[in-house]
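Here is the structure we will look at, set down as structure tokens.
The values are calculated or read from the model by the stated rules, or taken from the named source; none is laboratory data. Note that the coordinates shown come from a computational prediction; the quantities given were computed from them, not determined experimentally. Cβ placement follows ideal geometry from the backbone for every residue including glycine, while neighbour counts extend to all protein chains displayed. Calculation scope for accessible area: heavy atoms of the full protein, side chains included, ligands and nucleic acids excluded. Shrake-Rupley method; radii C 1.70, N 1.55, O 1.52, S 1.80 Å.
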Amino acid sequence: MAPRADRRAAALCLALLAPAAEADERSASVVLRWQPVADAAAYEIEVARDPDFAHRVVVERTASPGYRWRTLPDARHYWRVRSVDSGGRAGPWSEVKTIEAVLVAPALLEPADLARFTWDHDGTTATFAGAPLEVLREYRLEVAADAGFEKPLLARKGPSPSFQVGLPGVGVFHWRLGGVGLDGRAAPWSRARTFTVDLGAPRLLAPDPNAAVPFGPVAVSWETLAPAARWRVAFGREGEEPRQLEASAPPLRLAPDRPGRHLVRVAAILPDGRAGPESKPRGFVVRPPPPLRAPRLSAPAAGDTLDPARPVAFTWEPVPGAASHELQVAPPGALERARPRPAAGGSLELEDLPQGPLAWRARARDAFGGAGAWSEVWALRLGWGPAVRIEVAVADAALVADGSDSTRLTIRLLDGEGRAVRGSPPPTIQVSAGRVEGPSPAGDGFEVRYVAPQSLPAGGAAEIDVRERDLAARTRIQLSPKVDRLTLAALAGWHTDLKAVSSPSLGVEAAWRTSLLENRLLLSLRVSYWAESATVPPVPGLAARVTATARVVPLSLSAIYEWPLGWATVHAGAGLGADLAFISLEPASQLAATPAALLLAGASGRLGTGEALLELSASTGSVENSLASLRTGGLSISLGYRLRP
Amino acid sequence: MRRLAPILLLALAAQACSDLEVPPPVLQSVQPDAVPNASDAVLAVLGQDFYAEVTVDFDDPSQSSVNVAFSLELVHPNGRRFPLSGVTLVSSGELEGTLAASAPAQTYSLSLVDPRGRTATLPAALQVYKGDCISNPPDCETGNPCTVNDYCQGHRCREGTPLPDGTPCQLICQSATPVEICLGGVCTPPLAGCP
């Protein structure tokens, strides 16, 4: 044991060194060191919240003259140490030293309190920065509209105390910084600072400064600002009171009413109705409109002759961009001096025109009174000269006398120079057979529909007489008899393959009379039916009766040509088809098909409303399968009757 | 080729409408069901779906192709077969054939092969007995080695008194000495089968 004097000396030699906070995430701690005491076997160390050590947070014994306090204090603490000799006797306490708080809020650097920002384009950012602290591993930023930060508008985290963020909106806001210590505990928030964001003036994008734009709608465009709810646009000619317009979004199409230099300004309006500053005025020039082109005349057609008893309707295609049109009409040679007659659109009806040859033209005027080019000059004649002949044109001069076939006739009255005479009363029309529908005015004449009679008249043609006063014309329509295209026939007869098969047969036919070969070529679709059975004679080992039955349905499509011979008609034809054979042999059955060819010849004669026919046909075809072998071809003779539905 | 297309379609349709399936033959009974082995016996075999294989020539039915080769055989329990001769197709429900005399007394099953090669079997189809059962009650032998004093009744040979269980007998196994024994009047081969 050391002498008491030595222990006192040792205690007196205790000298506390300044505590050091180590900024390492793994060893977030405060290191306490003191001068060693000779012969000290250990040291007792105390850390407390108060200088009287009533609230001690550390009471430890250590053998070395140092202690690592694994805490980053967020408030001031006090510490002291004393030595203990090998006999366990403690020396006096050292002086009391302080441990300053380490986990504190970062100091705010920028922006300064009460700073102002202007929102003059979207994406505007501001930098919020504080002083870095070694004991913080993460920094936090909060921006709020309320000073109590109860509803932060914006919160950011990061390893640096500097944050660049977009402005939260327009108005007054508060911001503060905080952090997280290396030991994971949150550092206190800094004192809040205040900043203000003012709404700026929008930037105009179009039209370009001093641009010269054509007369017409002008698109005004500007950069939008996110806080704005709508926009106020001031627009007008330079030196005049501008028009105030409101727009929900760019672009805004403006319609200058006159050419000249114009100015436009734009201001943003917040949802609460407050308006921001106006943009700088943007000047541009609206060029005068180009000269209007000449109208294209429509009616009356050049060279027309018109009824003097009716007003003359002049029409032309309106010129795009024209505010109005005007028309000149006068006898040829006096047109240049004629008074222009105003017209709002593309037509004008006049009643006071002199009879005889006239000339007319039209032009457009723009909104400022500027006249466009004159159209070409068209001639017309008001009041017609005497018609000298009637022209009749027939669209189809050959019809079928079926009561419905028809054709269109175009009738024109022509003067001595071959010009159509308009406005004359409709001509009278008489037909020798059939009927007419009309006449009705069409083009520069009349149109009539001629309908053929139900039956062929004597001579096989219809005469059409057209009369107007003392003029007359006649035309002829050739008529042909009606042809029944579709016929249906039923046939009954006998079929044999010239061997064992011999059976009655039935059939039906649908035929279409084509218009080929003077209506003498028919396409015939036939379906027939016949049946046959065969019994196998007894053989050794077979005492049972074995009988097979075949039901045959020949299908054919034939081309048949007819030769009329007085009251009778002879026909011959050829065709292709298929024979369907349904063969049953107890207990099995099978449907077989075979291609078939057909030749036929016969004669027919009228009987009642139709015609009776007698026909002989020869066909090929055979089937062979596991049940039977059968020749489906052979000779058939049939009697039938053909109807016209 | 285009003209053939409709024909091919018709042919396909024809295939779809065909029913070429001939049902297999079925054996139902033999008349009479018991015959003596002293003389030839004409047997009527009854059943259904007895069909010859025929392809009918409609132009000349006598030239039709006919296959009426039905094969009928009696099968002894030991596997020996006794074919019937003169088998004739009487109808789709009846065949007729003749069993030659001297077949061993026994109850036989009947086997049929039709012209299409399909088979049918009728177990215990016919009893062939030894003796004369025209009048009752002369003796007869059913062929069961495990009964004695067989007797005629109703023109049929009935089994008499069964031999005691364990009596050696020979029916199926072809060994030189009997290896089968009677059990309940039935000659029964060893559990391991015939040696």
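Scanning the range A:548-565 for residues that are open to solvent by 50 Å² or more (accessible area, probe 1.4 Å) and either under 30 Å from B:Glu94 (Cα atoms) or more than 9 Å from chain B (Cβ to nearest Cβ) (or both) gives A:Arg551, A:Leu557, A:Tyr561, A:Trp563, A:Pro564, A:Leu565. Among the residues of the range A:556-575, none qualifies, meaning not one is free of Cβ contacts under 8 Å to residues at least 24 places away in the same chain, aliphatic (A, V, I, L, M) and in contact with a Leu (Cβ under 7 Å, 6 or more places away or on another chain). For the range B:71-101, filtering for residues that are at pLDDT below 90 and either closer than 29 Å to A:Ile583 by Cα or within 9 Å of chain A (Cβ to nearest Cβ) (or both) leaves 0. Considering the conditions (1) crowded, with 17+ Cβ neighbours inside 10 Å; (2) within 60 Å of the chain's Cα centre (by Cα), A:Val527 is excluded by exactly one of them, (1). Residue check: is A:Ser515 in a loop (DSSP other than H, G, I, E, B) and away from chain B (no Cβ under 14 Å)? Yes, satisfied.
Counting only strands (runs of 3 or more DSSP E) wholly contained in the range A:21-100, the ones carrying 2 or more residues that are over 21 Å from A:Val135 (Cα atoms) and touching a residue at least 40 places away in the same chain (Cβ under 8 Å) occupy A:42-48, A:77-84. Scan the range B:39-70 for residues that are within 13 Å of another protein chain (Cβ to nearest Cβ), surrounded by fewer than 16 Cβ atoms within 10 Å (Cβ to Cβ) and among the small types (Gly, Ala, Ser) and the total you get is 4.
Within the range A:334-360, being surrounded by fewer than 16 Cβ atoms within 10 Å (Cβ to Cβ), in contact (Cβ under 8 Å) with a residue 24 or more places away in the chain and in a loop (DSSP other than H, G, I, E, B) holds for A:Gly345, A:Glu351, A:Pro354, A:Gln355.
Listed here are the strands (runs of 3 or more DSSP E) enclosed by the range A:377-496 that have at least 2 residues being open to solvent by less than 70 Å² (accessible area, probe 1.4 Å) and closer than 30 Å to A:Glu532 by Cβ: A:486-496. In this structure, B:Thr119 qualifies as under 30 Å from A:Ile583 (Cβ atoms), more than 14 Å from every other protein chain (Cβ to nearest Cβ) and open to solvent by 50 Å² or more (accessible area, probe 1.4 Å). Within the range B:15-24, does at least one residue satisfy the condition of being more than 10 Å from chain A (Cβ to nearest Cβ), in contact (Cβ under 8 Å) with a residue 24 or more places away in the chain and open to solvent by 30 Å² or more (accessible area, probe 1.4 Å)? Checked the range B:15-24: at least one residue is more than 10 Å from chain A (Cβ to nearest Cβ), in contact (Cβ under 8 Å) with a residue 24 or more places away in the chain and open to solvent by 30 Å² or more (accessible area, probe 1.4 Å).
Scanning the range A:622-645 for residues that are of a type in the set (Gly, Ala, Ser), open to solvent by less than 40 Å² (accessible area, probe 1.4 Å) and in a loop (DSSP other than H, G, I, E, B) returns a single hit, A:Gly633. Under the condition of being of a type in the set (Val, Ile, Thr), in contact (Cβ under 8 Å) with a residue 40 or more places away in the chain and within 28 Å of A:Gly303 (Cα to Cα), the residues counted in the range A:410-454 number 4. Being assigned to a strand (DSSP E or B), at pLDDT 90 or above, closer than 30 Å to B:Val54 by Cβ and not aliphatic (A, V, I, L, M): is that true of A:Thr569 here? Judged against the criteria, A:Thr569 is not a match.
Within the range A:566-621, count every residue that is more than 9 Å from every other protein chain (Cβ to nearest Cβ), open to solvent by 30 Å² or more (accessible area, probe 1.4 Å) and not small (Gly, Ala, Ser). Residues that pass the stated criteria total 9.
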